[in-house]
Amino acid sequence: MIHRWNVSPKEAISIQKSLKDKLIFKPFNKTPTYVAGVDLSYIDNKSLAVIVVIDSKFNVVEITYHIDEIKYPYIPGLLAFREGPVFLKAWQKIKTNVNLVMFDGHGIAHPRKLGIASHMGLWIKKPTIGIAKKKLVGTYDEPSNTKFSFSYLWHNGEKIGIVLKSRENTKPIFISPGHLIDLDSSLNIVKKYITKYKLPEPTRLAHIYTQKLKNEIIEKE
DNA sequence: GCGACAG
DNA sequence: ATCTTGTCGC
């Protein structure tokens, strides 16, 4: 336990400010054997977290999930306080030795440099990367319409992420390091997991399974 | 005060 | 995230 989750928005913000300095950024050049993707969906008053683990050939080797009551509202900048607890419970069920985790949301591309990917990285002590579909903070130039062309996301005078055109004729994705990895390594790893779709396989598959599981649960009620 | 605002 | 069918365009 690093801290409590049942906190007010003000307390949450102070927690983020104190955790930010614990982040570590370093090169990650090895080829990961197992990479996990995380995504959530909502059913009535419950949230469903799904973790998909794939190997280097993009084969799914493990899937775990956890359903819990929604205990925190969605507040921009405090996403981890809404989705973090559910993810952590699903994470406890993972048996595979995961080498890196990709999250739906930002890493350090956050007002206090502690988006959900960074925050969760501190909890699980694993390299993490944030993959977001929209920016939260920062400015950038629109990358050209060519696969893998990119530009940097800047905030307060520093490079906090990469805006990548992962596929032609599609809005770019925002990549930022979470924990135990740096910006350049994050881009290289993510590119390796992009096939013909907008999102890298870990996150893309997690999203598919979270929707699939959700529908299976809905028809049974 | 106004606009922005991950999922 | 979620409510929701077809439709335009690469």
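Listing for the model above:
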| item | result |
| --- | --- |
| Identity of the residue in region A:195-211, more than 16 Å from DNA strand B (Cβ to nearest atom) and either in a loop (DSSP other than H, G, I, E, B) or at pLDDT below 95 (or both), that ends up most open to solvent (accessible area, probe 1.4 Å) | A:LYS196 |
| Residues within region A:170-192 that are assigned to a loop (DSSP other than H, G, I, E, B), open to solvent by 10 Å² or more (accessible area, probe 1.4 Å) and not aliphatic (A, V, I, L, M), tallied | 3 |
| Unmet requirement for A:VAL60, which otherwise passes all of (1) open to solvent by less than 10 Å² (accessible area, probe 1.4 Å); (2) touching a Leu at 6+ places or on another chain (Cβ under 9 Å); (3) among the β-branched types (Val, Ile, Thr) | (1) |
| Residues (hydroxyl-bearing (Ser, Thr, Tyr) and open to solvent by 90 Å² or more (accessible area, probe 1.4 Å)) located in region A:5-38 | A:THR31 |
| Flag for A:VAL52 being at pLDDT 95 or above, closer than 28 Å to A:THR195 by Cβ and touching a Gly at 6+ places or on another chain (Cβ under 9 Å) | yes |
| Residues that are closer than 17 Å to A:ALA206 by Cα, without any contact (Cβ under 8 Å) to a residue 60 or more places away in the chain and part of a loop (DSSP other than H, G, I, E, B), drawn from region A:57-94 | A:LYS57, A:ASN59, A:GLN92, A:LYS93, A:ILE94 |
| Scope region A:72-89; condition open to solvent by 40 Å² or more (accessible area, probe 1.4 Å) and more than 13 Å from DNA strand B (Cβ to nearest atom); matching residues | A:LYS89 |
| Failed criterion for A:LYS159 (all others in (1) open to solvent by 40 Å² or more (accessible area, probe 1.4 Å); (2) within 27 Å of A:ILE15 (Cβ to Cβ); (3) within 16 Å of DNA strand B (Cβ to nearest atom) hold) | (3) |
| Answer residue from region A:99-113, given it is out of contact with any Phe, Trp or Tyr (no Cβ under 9 Å at 6 or more places or on another chain) and of a type in the set (Gly, Ala, Ser) and is farthest from DNA strand B (Cβ to nearest atom) among those | A:GLY107 |
| Evaluation of A:LYS214 against (1) within 15 Å of the chain's Cα centre (by Cα); (2) within 16 Å of DNA strand B (Cβ to nearest atom); (3) open to solvent by 10 Å² or more (accessible area, probe 1.4 Å) (one fails), failing number | (1) |
| Selection count, region A:190-204, where residues are within 14 Å of DNA strand C (Cβ to nearest atom) and either in contact with an Asp or Glu (Cβ under 8 Å, 6 or more places away or on another chain) or within 20 Å of A:TYR65 (Cβ to Cβ) (or both) | 3 |
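Condition check ((1) open to solvent by less than 10 Å² (accessible area, probe 1.4 Å); (2) over 18 Å from the mean Cα position of the chain (by Cα); (3) free of Cβ contacts under 8 Å to residues at least 60 places away in the same chain) across all residues:
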| site | (1), (2), (3) |
| --- | --- |
| A:THR96 | no, yes, no |
| A:TRP123 | no, no, no |
| A:THR128 | yes, no, yes |
| A:THR146 | no, yes, yes |
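The values are calculated or read from the model by the stated rules, or taken from the named source; none is laboratory data. Everything quoted here is computed from the prediction, not taken from an experiment. With ideal geometry, Cβ positions are generated from the backbone for all residues, glycine too; neighbour counts draw on all protein chains shown. Quick note on the areas: whole protein, heavy atoms, side chains included, nothing else; ligands and nucleic acids left out. Shrake-Rupley method; radii C 1.70, N 1.55, O 1.52, S 1.80 Å.
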